[in-house]
Each structure stands twice: as structure tokens, then as C-alpha cells.
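Shown next, in C-alpha cells, is the structure this report addresses.
Just so it is clear, none of the values below were taken in a lab; they were calculated from the coordinates. All values reported here derive from a predicted model rather than from experimental measurement. Cβ sites come from the backbone with ideal geometry, for glycine too, and all protein chains shown count toward neighbours.
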Amino acid sequence: MRREEVSKDRKISIRPMTLADLDEVMPIEEASYTAPWKRSMFEADLHGNPFARFFVARDPDQGTVVGYVCFWKVFAELHLMNLSVHPDRRRLGIGGELVRWTLSWAKENAVSLVTLEVRASNEAAKRLYEKLGFKLVAVRHNYYRDPREDALIMNWSEG
């Protein structure tokens, strides 16, 4: 999307991530993953990867980062790399809003296929993705480390 947008129920506003956002993003990343991205990985993609798109979700009242989404758009495909919500703000619909916003962005930017990996044990994420129209298409055995676990590959396509 071209501009900052506020969700319909004013839970979040979404805008492109900047380097200045990383001080708030990194604690969310570290609280969300057993093998979190390093700050240098965010910086490299923000500045050196023409396919990468990063967006932050902010609380419109407090102005704080409450979540973020990172994806790569390569031609007509979008790969959802990372979606995280601050631990204190989980189960409030923010993750769903970020996914719906990403799918809307995909449609506006001529994306026909969205793909992602999710830990096989991440029941909440799997339910969310299924609810939003993603379908299980494959399993990558032992994809994740620490702990070792399978990744489920899920796709969404318009139509």
C-alpha cells in the first residue's frame, strides 16, 4: 500500500519500516522466535534487497510498535518471511490484521501467489492462516532448528 493506513477498528496503523523502528522491532523479534533474526539481517534487507518489503504496525494512540510483517515480492509471488506481534498484544487480532493487510497489498501489487512456512506445532498461526484462505501444500521435514521441527508450507492464491 502506498501510505500509512489505519485498520478499520483502529487497533493498528501500518507503515513502511525504517531503521529507526528496529529499536522497537528487535525485542518483539527476540521474544517471538527461538532463532530470531539479528539486527544486521533486518538492516541488510531494508537497505540492500530490492525484493524485501517491511512494515510496522503501530498502536495509533500510543505510537508504539506492536507488530511487524516482512515479505519478499518476486515477480507475481510474495513470500511471507516474518510476522510477529508484541507478546503483550497477542490474541487481540493484530496478527490477523497484518495478514489481511499483506494480502490486500499483494492484490494491489499484482501478486497471484502468497507462500509461507509455519512451525508444525504453531496451532494459533496455522488456524489464522487457514481462516484467511491459506492451504497446506507441503511439509519441509526438520526445517527448523532449536528445537528441530517440520515446517508446513502454506499457499494463498486469489481466485
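Assorted remarks:
- Count Lys and Arg as plus one, Asp and Glu as minus one, and take only other residues whose Cβ is under 13 Å from that of Asn122; the net charge is then -1.
- Test item: Cα-centred dipole of the chain, Lys/Arg +1 and Asp/Glu -1 on Cβ, debye: 400
- Annotation for Asn109 and Leu132: the two label points, set 7 Å from Cα along the Cα-Cβ direction, are 1.4 nm apart.
- Shape category assigned to region 112-155 from the gyration tensor of Cα positions, a/c cut at 1.5: oblate
- For region 69-150, a/c is not less than 1.5, where a ≥ b ≥ c are the root eigenvalues of the C-alpha gyration tensor, and a/b does not top b/c. That puts it in the oblate class.
- Charge context of Phe134, other residues only, Cβ under 13 angstrom, K/R +1, D/E -1: +2
- Of the DSSP H helices in the chain, those whose Cα atoms cover at least 18 Å axially and whose Kyte score averages -1.0 or more: 94-108
- Stretched out straight at 0.36 nm per residue, the stretch from Ser157 to Lys38 would grow longer than its current Cα-Cα span by 39.8 nm.
- Most mobile listed residue (Arg148, Arg58, Arg39) in the chain, GNM with C-alpha springs under 10 Å: Arg148
- Anisotropy class assigned to the chain is rounded, per the alpha carbon gyration tensor with a/c under the 1.5 cut-off.
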